[in-house]
Amino acid sequence: MEQHRQLITWYVLFALTQITTLVIVMLDRNPLADRLSAAGLLVLNALWFVGYGKKLVKRGNDDWRGFVYAAGSLATWAPAVWFSGNATFALFGLVPQIYMVLPVTWAFVPMAIFVFTPQFLTWLAGNESALPWAAALLIIGFSQAFGWAVHRIAQQNQQRGELLQRIEALTLEAERARWSAEIHDTLAQGFTSIITLLQGAQPNVELALQTARENLREARALVASNAPSPLDGSSLEDALRRLVSSPSLPSSFRVIGDAVALPTSVEVVLLRTVQEALNNVARHSGASRVDVVMRFDADGVSLEVRDDGRGFGDALEGFGLRGMRARLEQVGGTLSLSSDEGASVLVEVPL
């Protein structure tokens, strides 16, 4: 969450810098054609960041792709400076971007090229530079120091985030241990007693025996700190196929995209969420069909459970849905609900 707020702050800075530069360019005294050309190139520069650079910043990439972004940004910004020298003001947003997509040592050369570009273009046009070369060198030194400081702050924030995650993991582990003890002392022992008593009863209690055995297996899996029994010895996709095929109403399950290995914690949360969603469909929706779609893409994995029932209507969010949200928050996921021609439960987990 802290990282998300920091990124929003940077995005606002970039947007304000670009907008301010556009306004200054349009208000200068250059011919209208030059001003429009510079403004158009600045817009392309902004779109290049939104379409490519933003992904690198968001994911924390700092490899060769940063050079690709810097080259594209320079290719759209330098011509804008040629048409209007006031496009130089965009440097206030472009230089930080370079340090956000490249390591500090790699970023120095692209940053210097950006700073010297207005100087070079002014000299090429035969005009006197408004910014002395000494001042340009001072800006380069300040930018490198600023980039190093930002990098150090980012490292410290990352270390602090990893520490908080570790503390949270230990807390969850302790909570799981407590729940395991509770389940062992209550559910597991209770189911064992039920099975023992029912084994001597009439054959018509076979269904009760089967249900009790399944619950006992589930309880033992929790006590042993293993994955849920539907995942035991199989992939998440296979477990979901079995789960979807179990309801009494027609159903389907399909996977879109190339499946990737998921952390066990994510697999457990996705499985539990689909279990709860299918349970809600069976109990409340009055649907005649349910479809489950699992999608893998570059940003993460999503699961949608859609039925053709009556939808959620104005009903308040119950305990089951609140439980879904709580489980998803543990792995950074989100839950979205819609009631367009039935009900849809969409789960998204970033990777």
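Nothing in this text is a laboratory measurement; each read-out follows from the coordinates by a stated rule. Quick caveat: nothing in here was measured; it's all calculated off a predicted structure. Ideal geometry is used to build each Cβ from the backbone, glycine not excepted, and the neighbour counts take in all protein chains shown.
Some observations on this one:
- Percent RCO, i.e. relative contact order, over segment 272-351, from Cα pairs under 8 Å lying at least 6 residues apart: 33 percent
- When the convex hull of its Cα atoms is projected in every direction, mean area for segment 74-149 (nm²): 4.8 nm²
- Summing charges over all other residues whose Cβ lies under 14 Å from the Cβ of Asp299, with Lys and Arg as +1 and Asp and Glu as -1, gives +2.
- Order of Arg310, Arg35 - criterion: other Cβ atoms within 10 Å of each residue's Cβ, fewest first: Arg310, Arg35
- Rounded to the nearest whole Hz, the Karplus-based 3J(HN,Hα) values (6.51 cos²θ - 1.76 cosθ + 1.60, θ = phi - 60°) of segment 272-289 follow the sequence 4, 5, 5, 4, 5, 5, 5, 5, 5, 4, 5, 8, 10, 7, x, 7, 9, 7, with x at glycine and proline.
- Put simply, the amide H of Phe253, placed in the peptide plane, has neighbours under 5 Å in Val292, leaving out anything fewer than 5 places away on its chain.
- For Leu351, the residues 5 or more places off, or on other chains, whose built amide H falls under 5 Å of its own are Gly300, Val301.
- Exposure proxy ranking for Trp106, Trp64, based on other Cβ atoms within 10 angstrom of each Cβ and starting from the fewest, stands as Trp64, Trp106.
- 3J(HN,Hα) along segment 34-40, derived from phi through the Karplus expression 6.51 cos²θ - 1.76 cosθ + 1.60 where θ = phi - 60°, amounts to 5, 4, 5, 4, 4, 5, x Hz, with x in place of Gly and Pro.
- Relative exposure of Glu304, Glu329, judged by other C-beta atoms within 10 Å (fewest first): Glu329, Glu304
- Once Rg and the Kirkwood radius are both taken over the C-alpha atoms of segment 2-131, their ratio Rg/Rh works out to 0.98.
- When the alpha-carbon atoms of segment 275-351 are used, the pair Rg, Dmax equals 12.4, 35 angstrom.
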